[in-house]
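Some notes on the structure that comes next.
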Amino acid sequence: MASQSLYRKWRSQTFNELIGQEHVVQTLRNAIVEERVSHAYLFTGPRGVGKTSMARLLAKAVNCIDPNPAARPCGRCHACTTIAEGRAVDVIEMDAASNTSVDDARELIERVQFRPAEMRFKVYVVDECHMLSTAAFNALLKTLEEPPDHAIFILATTEVHKVPATILSRCQRFTFTRHSVAATSAHLRQIAASEGLDLDAGAPEAIARAATGSMRDALGVLEQLASFGQGAITLEQVHSLLGMTAAAEVNALIEALLHDDLGSALRAVNGVADQGADIRQFTRDLVERLRALMLLRATGDPSLLDVGEDELRVLEGWARRADTVALVAWIKLFSGLDFQLRTTPYGHLPLELTVVEALVGDRGLGRGPGTGGRGPGATPSPPVARVAPPVRAESPPITRAPAVAKESPVAVEESPAVAEESPVVAEESPVAEESPAAAPSPEAFIAANADFTVLERIESLWDDIKRDVRPRSPTVQALLHSIRPIDVEGNTIVLLASSQFHKDSLEKPPNRRIVEDVINKQLAAVFAIRCTIETKTETRDLRGQIREARKDEMVRAAMNIFDAHIVEIEPDV
């Protein structure tokens, strides 16, 4: 006979047993005591944080017969025990992923009219409700708004942005947060002790970090580890199962970054690769540790960090030596690696290149002492610092020539996989008629290329950006239908509005913040927006020339093939 999974065996049976989500527990408890329970609830949040458990607890609480309302659910009465055992005919759980049609919704509506068989309330729990079809949602609208007095609806979803606004407006919404590492590790120790499992020091914290706030995932990992064999569950077993790297290896790389020691940094990366560890997970661990260091360095407030005492002491030592600007630059560099590491055929090479970029990337730009690549003062080169995946941040430059590239432009940092003699043909490309009087500097080309790369990225994501704005404000989404991105100027995105009304509406601080938040989430970088109602005339300065050159199909093909950027534009002969 199959044994019961730990997450089912240890599912919370009373409000007191529930880990985390105190804000939701307190609100629902007050509603039960004051007999002000709503007819419809919407529970949102990541997977494994207690949405379904809370739905069952609420179903118990409204049907519990304990004389003290504050003690409900008691976990002992007939209603509580039958619901916990899944035998209650008046608590109906429906998986919307497999019941998506309008016929399923109509069947539910027909059944809801019948009174409960043995309890006071009939409770419908609809899990992953965002999977319902539009027709099914429409069929539920009237019933959700005015259900029978004996019916309560509890909708749960991990993707609230897919739930129609008409449904959201009919429900009381509760947002569930991820569990902290401290809360998860403490709960794991408690369950391990009850199950007769020994956890070595550091193992619960490693499991908790890998679960990323999901208690169900953490219990699943603990169950897997329990089947490894007899004896204590060690930190090495956790790392082996999850493909994680030891904190010491992450620490070694951060130490090398702080000491500007490129050799030690590359040795740390290769040491991780030689172990066969998951490089993507190592990079995530590195970014998380750098983020914690940045928060501590910038605020000096340890309460913002979700770490143990040993880790906090290490972070405090680093914070005294680190530079906030450098930390921000490193986080931007390494956080953009996940896509590259997932798709590259070159193993851990992107991570090695990023380490080099973090320490010496600016030295070739001649920015002078203090900014040339030391960890505490380093600033990443513009294409890397601002371009989000899947744009390849480390793309080398490429030339733009009128005929066959002679000998000058190709000499600038071509990809190692490309032969030095490779000609770039662009005979019919529309380029500027005359070069500027003074040749633009390499820095100017790098900055302009970076801006237009970001612009192309934003243009490709514009529909997704408008979609993600809708859950926060349908009005702002409607505004964006009359607005489009036309330029990027450093860390500012320029948007073109079709009228003064649209421009003024978007520039209201609340609306601006919504758009900036969504754009920055999509690009994994920090940008401001500026709105205009006038288009720039076609210019023949450097930015205008690069803009025109990047529109040429042959130039774009060359940039894609050679993984490069434009570094020079020659006049037509």
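Since every read-out is calculated from the coordinates, none of them should be taken as a lab result. In this text the structure is predicted, and so the values were computed from the model without any measurement. Positions of Cβ are generated from backbone atoms using ideal geometry, with glycine treated the same way; all protein chains shown enter the neighbour counts.
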Using the Cα centre of the range 181-242 as origin and beta-carbon charges of +1 (Lys, Arg) and -1 (Asp, Glu), tell me which of M215, G196, L241 is placed farthest towards the positive end of the dipole. M215
With a cut-off of at most 10 other beta carbons within 10 Å, and DSSP calling the residue loop, which trypsin sites (Lys or Arg not before Pro) in the range 1-83 qualify? Please list them. R36
Over the Cα atoms, compute the radius of gyration (one decimal) and Dmax (the largest Cα-Cα distance, rounded to a whole number) for the range 191-298, in Å. 15.5, 48
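How large is the dipole of the range 6-175 about the Cα centre if only Lys and Arg carry +1 and Asp and Glu carry -1, each at its Cβ, rounded to the nearest 20 debye? Intermediate values should be presented prior to the final figure.
Values: 21 positive and 20 negative charges, 78 e Å.
It comes to approximately 380 debye.
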In debye, nearest 20, what is the charge dipole magnitude of the range 164-276 about its Cα centre with +1 on Lys and Arg Cβ and -1 on Asp and Glu Cβ, if you could check? 800
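Cα convex hull of the range 6-175: mean projected area in nm², to one decimal? Mind showing how you got there, number by number?
Working: hull surface 36.5 nm².
Reported value for the Cα convex hull: 9.1 nm².
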Sequence of D200, D306 once ranked by neighbouring C-beta atoms within 10 Å, starting from the fewest: D200, D306
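Using the structure shown, list the pairs from K9/K122; K51/K521; K51/K466; K162/K521 with a Cα-Cα distance above 20 Å, or answer none. It would help to have the intermediate numbers written out before the result.
Working: K9/K122 25 Å; K51/K521 25 Å; K51/K466 28 Å; K162/K521 18 Å.
Beyond 20 Å between Cα atoms: K9/K122; K51/K521; K51/K466.
Would you work out the charge dipole size for the range 243-324 about its Cα centre, treating the Cβ of every Lys and Arg as +1 and the Cβ of every Asp and Glu as -1, and quote it to the nearest 20 debye? Don't jump to the answer; show the numbers that get you there.
Details: 9 positive and 15 negative charges, 37 e Å.
Computed about the Cα centre, the dipole is about 180 debye.
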Taking +1 at the Cβ of each Lys and Arg and -1 at the Cβ of each Asp and Glu, which of T143, A79, L42 sits farthest along the dipole of the range 6-175 towards its positive end, judged by Cα position relative to the Cα centre? A79
Going by amide H atoms built from the backbone, whose H comes under 5 Å of the H on I233, apart from near neighbours? D198, L199, D200
Please list, in chain and number order, the residues 5+ apart from R530 or on another chain whose amide H is under 5 Å from its amide H, with Hs placed from the backbone. I493, V494, L495
Per residue of the range 48-60, what does 6.51 cos²θ - 1.76 cosθ + 1.60 with θ = phi - 60° give for ³J(HN,Hα)? Whole Hz please, x for Gly and Pro, Karplus curve as stated. x, 10, x, 5, 5, 4, 5, 4, 5, 4, 5, 4, 5
Env charge @ D338, Cβ radius under 10 Å, K,R +1 / D,E -1, value +3
Amide H partners (placed H, <5 Å) of I154, local residues excluded: Y41, Y124, V125, V126
Short version: ³J(HN,Hα) in whole Hz for each residue of the range 83-90, in order, from phi by Karplus 6.51 cos²θ - 1.76 cosθ + 1.60 (θ = phi - 60°), x for Gly and Pro, what are they? 5, 4, 8, x, 9, 6, 6, 9
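With the Cα gyration tensor of the range 43-132 in hand, give its eigenvalues times 5 under a square root as the equivalent ellipsoid semi-axes, listed largest first in whole angstrom.
Numbers: eigenvalues 119, 59, 18 Å².
Sorted largest first and rounded, they come to 24, 17, 9 Å.
More than 18 angstrom separation, counting every C-alpha pair in the range 181-242; what % is that?
Details: 360 of 1891 pairs.
More than 18 Å apart: 19 percent of the Cα pairs in the range 181-242.
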